[in-house]
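The structure appears below as C-alpha cells.
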Amino acid sequence: PVDQSYGFSVEFVWKSTSFDRMQIAMKTFAVDDYSVTGYLYHLLLGHDIEPQTIRVDLPRKFSVPGLPELNQSQMTAVRSVLEQPLSLIQGPPGTGKTVTSATIVYHLAKQNAGQILVVAPSNIAVDQLTAKIHSTGLKVVRIAAKSREAVSSSVDFLSLHTLVQQLAKESKSELFKLQMLKDSQGELSTTDEKRFKHLKRASEKELLQNADVICATCVGSGDPRLERFRFKQVLIDESTQATEPESFIPIVRGAKQVILVGDHCQLGPVIMCKKAANAGLQRSLFERLIMLGIRPLRLQVQYRMHPCLSEFPSNTFYEGSLQNG
Ligand SMILES: Nc1ncnc2c1ncn2[C@@H]1O[C@H](COP(=O)(O)OP(=O)(O)O)[C@@H](O)[C@H]1O
Ligand SMILES: [Mg+2]
C-alpha cells in the first residue's frame, strides 16, 4: 500500500533455489560423464570435433496436426533439427519459432526415443509452448513450482498439480479423502500427513512417467520431482533470454540432442548485478555458440505484425530480411 507509511515492515528473504540449481548443473556438466553425450560436451565447450549427425527416419510430412502448415524455412529448420545433435533456430518476433518448436517436439515424440523435456526461461513462454504441443495431440504435462500453484495460467488443465487433484477426485482415492480432510481441518495428523505426501508423490510420479513431453521453466526442470528422470532430447524456447547456467539445468539430465530456439537480436538475459553481467553471465548459451561459429537456422517470415509495423524492425535489426506472411 503506497498510502501507508508506518505500522508495517518489509523483509527481503534470499531464496537461493534457482542459483543452487544452476550451480549444481554446471558442476554436473563438469564432472558427470553421463550428464550429456561426449559429442555434445565437446561441442558445447567449443572444442574442434568431427561433425556427427543422428540417423533417423525423416517424416514424410513435416506439418503436424493442430498447428499451421509450415512455410519453407520452417520446414527446412524442422528437417535439419531432426538430424542434428545440436541446433540453433533463430527468428525475429512472430516468425513461428514457437510453432516450429512444437512441430519439432511432435516429430521427436513420434520417434519413441523417450520423454522429451521442453523448457523456456519464463513461465509465460512455457505456457504458450505447452498449449501448442497439447494441440498436436501429444500427452504433455506442465510442471510448475509449488509456489506458483496458486497462480492461474492458460494451461492449468495440463499442470501436474491440477492433474493430481483431478485424478484423485475421479477415482475417489485415499489421496482425495485425505485432501478433503486437510481442507476442512486445515491440517492433518502426523501419520496422515505422511501418508498424504506419499500418495501425492506416487501420483505425481505416475503422471509424469506417462507423459510424452514434460514442460517446465529452465529452473523448474531442476525440480526434485524430476530428479530421477533422464531426458535425451531437450528443447529450449526463448533460449536467448536464459543465462548460460540456467540453460544447463535442463541439458545435464542426459542430453543427446539439444535444440535452442531464440533470437540474439532481441534482449538477452536480464542481469541486475553489473559485475556478473560483465563477467559473462549476460551472454546466453545461444549467443556464445553463435560466437563459436555455429550457424543458426533462420526463420524469416513473420505472421504477427501488420507489414507496415514490421518494416522498421526489419530494416533496423534484420538487414531488411524480414518477410510478411
Ligand atoms: N507457417 C505458418 N502459417 C501461418 N501462421 C503461422 C505460421 N507459423 C506461425 N504462424 C503464426 O504466427 C504467429 C506467431 O507464431 P509464434 O510461433 O508464436 O512466433 P514466435 O515464437 O517466433 O514469436 C502465431 O499466431 C502462429 O500461429
Ligand atoms: Mg515464441
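The values are calculated or read from the model by the stated rules, or taken from the named source; none is laboratory data. On a predicted model such as this, the values are computed, not experimentally measured, just so you know. For neighbour counting, all protein chains shown are included, and Cβ atoms are generated from backbone atoms with ideal geometry for every residue, glycine included.
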Only one residue in 221, 239, 247 is closer than 17 Å to residue 37 by Cβ, of a type outside the set (D, E, K, R) and either in contact with a helix residue (DSSP H, G or I) (Cβ under 6 Å, 6 or more places away or on another chain) or modelled with pLDDT under 95 (or both), so which one is that? 247
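Restricting to segment 103-114, name every residue that is of a type outside the set (A, V, I, L, M, F, W, C) and either over 24 Å from residue 36 (Cα atoms) or crowded, with 20+ Cβ neighbours inside 10 Å (or both).
Of the residues in segment 103-114, the ones of a type outside the set (A, V, I, L, M, F, W, C) are 103, 106-107, 110-112, 114.
Passing the criteria: 103, 106.
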What is the residue count in segment 195-230 for residues that are within 20 Å of residue 104 (Cα to Cα) and under 12 Å from the mean Cα position of the chain (by Cα)? 7
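Quick check on residue 170: is it acidic (Asp, Glu), part of a helix (DSSP H, G or I), within 30 Å of residue 109 (Cα to Cα) and in contact (Cβ under 8 Å) with a residue 24 or more places away in the chain? Before you say what the answer is, go through the steps one by one.
Working: acidic (Asp, Glu): yes; part of a helix (DSSP H, G or I): yes; within 30 Å of residue 109 (Cα to Cα): yes; in contact (Cβ under 8 Å) with a residue 24 or more places away in the chain: no.
Judged against the criteria, residue 170 is not a match.
Looking at 100, 53, 162, which is the one that is in a helix (DSSP H, G or I) and surrounded by fewer than 21 Cβ atoms within 10 Å (Cβ to Cβ)? Before you say what the answer is, go through the steps one by one.
Details: 100 fails: surrounded by fewer than 21 Cβ atoms within 10 Å (Cβ to Cβ); 53 fails: in a helix (DSSP H, G or I).
Checking each option against the conditions leaves just 162.
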Exactly one condition in (1) near ligand 1 (Cβ under 9 Å from one of its atoms); (2) outside any helix (DSSP H, G or I); (3) in contact (Cβ under 8 Å) with a residue 24 or more places away in the chain is false for residue 69; which is it? (3)
Of all residues in segment 268-299 being within 14 Å of ligand 1 (Cβ to nearest atom) and among the aliphatic types (A, V, I, L, M), the one that is modelled with the highest pLDDT: 297
All conditions in (1) away from ligand 2 (no atom under 16 Å from the Cβ); (2) touching a helix residue (DSSP H, G or I) at 6+ places or on another chain (Cβ under 9 Å); (3) outside any helix (DSSP H, G or I) are true of residue 230 except (2)
Would you check which residues across segment 82-102 are under 15 Å from residue 295 (Cα atoms), at pLDDT 95 or above and within 11 Å of ligand 2 (Cβ to nearest atom) and list them? 89
Considering (1) part of a strand (DSSP E or B); (2) within 16 Å of ligand 1 (Cβ to nearest atom), say which one residue 240 fails and leave the rest. (1)
State yes or no: is residue 119 crowded, with 16+ Cβ neighbours inside 10 Å, within 26 Å of residue 26 (Cβ to Cβ) and within 15 Å of ligand 1 (Cβ to nearest atom)? yes
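Within the bounds of segment 39-46, is there any residue that is assigned by TED's automatic domain parsing to the domain that holds residue 254, touching a residue at least 24 places away in the same chain (Cβ under 8 Å), surrounded by 15 or more Cβ atoms within 10 Å (Cβ to Cβ) and within 16 Å of ligand 2 (Cβ to nearest atom)?
Taking segment 39-46 first, the residues assigned by TED's automatic domain parsing to the domain that holds residue 254 are 39-46.
Add one more test, that the residue is touching a residue at least 24 places away in the same chain (Cβ under 8 Å), and what stays is 39-40, 43-44, 46.
Narrowing further to those that are surrounded by 15 or more Cβ atoms within 10 Å (Cβ to Cβ): 39-40, 43-44.
Okay, now just the ones that are also within 16 Å of ligand 2 (Cβ to nearest atom), so none.
Looking through segment 39-46, none of the residues is assigned by TED's automatic domain parsing to the domain that holds residue 254, touching a residue at least 24 places away in the same chain (Cβ under 8 Å), surrounded by 15 or more Cβ atoms within 10 Å (Cβ to Cβ) and within 16 Å of ligand 2 (Cβ to nearest atom).
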Of (1) in a helix (DSSP H, G or I); (2) of a type in the set (A, V, I, L, M); (3) buried (at least 23 other Cβ atoms within 10 Å of the Cβ); (4) within 12 Å of ligand 2 (Cβ to nearest atom), residue 124 satisfies every one except (3)
Just give me the residues in segment 218-257 being touching a strand residue (DSSP E or B) at 6+ places or on another chain (Cβ under 6 Å) and without any contact (Cβ under 8 Å) to a residue 12 or more places away in the chain, in sequence order. none
Going through (1) away from ligand 2 (no atom under 16 Å from the Cβ); (2) assigned to a loop (DSSP other than H, G, I, E, B) one by one, residue 206 fails only at (2)
So which residues in segment 280-317 are part of a loop (DSSP other than H, G, I, E, B) and over 22 Å from residue 87 (Cα atoms)? 303, 304, 305, 306
Between a first residue in segment 72-95 that is charged (D, E, K, R) and a second residue that is buried (at least 19 other Cβ atoms within 10 Å of the Cβ) and not in a helix (DSSP H, G or I), which pairs have beta carbons less than 9 Å apart while being 6 or more apart in sequence or on different chains? 79/62
